[in-house]
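Shown next, in C-alpha cells, is the structure this report addresses.
The values are calculated or read from the model by the stated rules, or taken from the named source; none is laboratory data. Treat the numbers as computed from the prediction; the structure is a model and nothing was measured. Note that each Cβ is placed from the backbone with ideal geometry, even for glycine, and that neighbours are counted across all protein chains shown.
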Amino acid sequence: MHARHFTSAALARGARRSLAIALGLAPFGLVVGVLAAGKGLSLVETGLMSGLVFAGASQILALDLWTHPVPILTVTFAAFAVNLRMALMGPALAAWLEKLSGWRLWGNLFLLVDHGFALAIAEGRKGERDGGFLFGVGLVLWVAWLACSLLGHVLGTVLRPPRGHPLFFAALAAFVSLLVPLWRGRHDALPWLAAAGVALPVARLAPHGAWHVVAAALAGGLVGAWRERRQGRA
Amino acid sequence: MIETANLLGILGMALATLACRAGGYFLFRALRPSPFLRAMLGYVPGALFIGYVVPALAAGGLKEWLGAAATLVAMRLSGNVAVGIAAGTAAAWAVWLVR
C-alpha cells in the first residue's frame, strides 16, 4: 500500500544524495564527541545522546551546560529551545509525510534534521515526493552523525582542535551551500532580507538557544505570505 | 558506563527534540491550515537557513566571510554541495594559515 509513496529505489537515491552533506557534517559530529569526552561523558552515553537526540546545535549547547550531576531540566529545556525550529519543518514537508503511517512516518519524523530538510525541499521542487528518499537521507546522516561523534569521543583526548579552527567552518559551509538550491528567484529576496533583519538583533539579545532561527523563519514566512495575499487582491 | 543522571538528561533532551520534530507536523494536520499559512510555509525553509547563516557570519571575521563567498561561488559553478563545502573550508583554512 505504500508502494508508490515509499520505495527502496528512492531510499537508495536519498542515501546517495546525502553522502556529501554527511561528509560536511563530519567535523561538527567530531566536535560533539570531543566536547562530550571533555565533560566526562562515557562513550556509551555519547552514543546514546547522538543516536537519540540527533541534533547537533542542541547537543553542543547542552554539553556546554553539562555539570555533575547534570541539571536535567536545564538540558531538556535547552534541547527544546534550540530544536523548536524543527516544528516548522514537519508542516513544510506535509506533501511527503501525509501519505505515510507507522514506522515510515515516525522514522521520517525522528530523522528530521536541518540539512536533510533543506535537501528534501530542494529535491521536492524538482518533483521528488517519495518518503523513501527522505528516509534514505535521514538514515545516512544519522549513521554518519553517530559514527563521527563516537570517533570524536575516542579522539577527544588526542586531537583537540582549538575553538576557532577552520575545520569547524565546514558545518557553516554546509548551510551556505544549501542556500543556493533553496533560492527560487527574485520573489525570495524580500522574505530573505526580512529574515536576516530579524535574525541579527534576536541573535544579539538571546545568544543561547536558537530563537533567532525561529524568528527568522517566521519573519520570512510572514513577509512572503503577506505579499502574496496583497498581490492576489490587486 | 551509564550514570543515572546523565541517562535522564539525555532522555529528557531526546523527548523534547522528538516533541519538536513530530509536534509541529501533527498540530499542522489537526488545524487544517489556511492558504495564508500554506503560502507562509513555502518561504520558511530559505528564511530559516538565512536565520542561521547571517548571524554566524556577522559574528565571524575574514575567515568566515571569504569561506562563505568561496562556498557560494563554488556552489553556483558546480551545483554540488560537496564541492561547495570543500571550497569554503579550504578558503577558510587558507585565511587561517595566512593570518
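Summary table
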| read-out | value |
| --- | --- |
| Index of the failed condition, A:Phe169 passing every other in (1) in contact (Cβ under 8 Å) with a residue 12 or more places away in the chain; (2) surrounded by 23 or more Cβ atoms within 10 Å (Cβ to Cβ) | (1) |
| Criterion (of a type in the set (A, V, I, L, M), in contact (Cβ under 8 Å) with a residue 60 or more places away in the chain and either within 23 Å of A:Ala62 (Cα to Cα) or facing chain B (nearest Cβ under 7 Å) (or both)) met by exactly one of A:Ala206, A:Ala210 | A:Ala210 |
| Looking only at segment A:106-126, and only at residues there that are touching a Lys or Arg at 6+ places or on another chain (Cβ under 9 Å) and in a helix (DSSP H, G or I), the one that is farthest from the other protein chains (Cβ to nearest Cβ) | A:Glu123 |
| Subset of segment A:37-60 [of a type in the set (A, V, I, L, M, F, W, C) and either within 10 Å of chain B (Cβ to nearest Cβ) or under 16 Å from the mean Cα position of the chain (by Cα) (or both)] | A:Leu41, A:Leu43, A:Val44, A:Leu48, A:Met49, A:Leu52, A:Val53, A:Phe54, A:Ala55, A:Ala57, A:Ile60 |
| Selection from segment A:25-70 of residues that are outside any helix (DSSP H, G or I) and not polar (S, T, N, Q) | A:Lys39, A:Gly40, A:Leu41, A:Val53, A:Phe54, A:Ala55, A:Trp66, A:His68, A:Pro69, A:Val70 |
| Residue match in segment A:71-88 (condition: assigned to a loop (DSSP other than H, G, I, E, B), of a type in the set (Gly, Ala, Ser) and in contact (Cβ under 8 Å) with a residue 40 or more places away in the chain) | no |
| Given (1) at pLDDT below 90; (2) more than 7 Å from chain A (Cβ to nearest Cβ), number of the condition B:Ala82 does not satisfy | (2) |
| Test: residue in segment A:203-222 that is in contact with a His (Cβ under 6 Å, 6 or more places away or on another chain), at pLDDT below 95 and surrounded by 13 or more Cβ atoms within 10 Å (Cβ to Cβ) | yes |
| Only listed residue being under 25 Å from B:Asn80 (Cα atoms), of a type outside the set (Asp, Glu), without any contact (Cβ under 8 Å) to a residue 60 or more places away in the chain and assigned to a helix (DSSP H, G or I), chosen from A:Ala189, A:Ala219, A:Ala215, A:Ala199 | A:Ala189 |
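A quick yes/no check of all residues on (1) at the interface with chain A (Cβ under 7 Å from one of its Cβ atoms); (2) within 19 Å of the chain's Cα centre (by Cα); (3) touching a residue at least 12 places away in the same chain (Cβ under 8 Å); (4) surrounded by fewer than 16 Cβ atoms within 10 Å (Cβ to Cβ):
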{"site": "B:Thr4", "(1), (2), (3), (4)": "no, no, no, yes"}
{"site": "B:Leu18", "(1), (2), (3), (4)": "yes, yes, no, no"}
{"site": "B:Gly24", "(1), (2), (3), (4)": "yes, yes, no, no"}
{"site": "B:Leu27", "(1), (2), (3), (4)": "no, no, no, yes"}
{"site": "B:Arg32", "(1), (2), (3), (4)": "no, no, no, yes"}
{"site": "B:Ala39", "(1), (2), (3), (4)": "yes, no, no, no"}
{"site": "B:Tyr43", "(1), (2), (3), (4)": "yes, yes, no, no"}
{"site": "B:Phe49", "(1), (2), (3), (4)": "yes, yes, no, no"}
{"site": "B:Ala59", "(1), (2), (3), (4)": "no, yes, no, yes"}
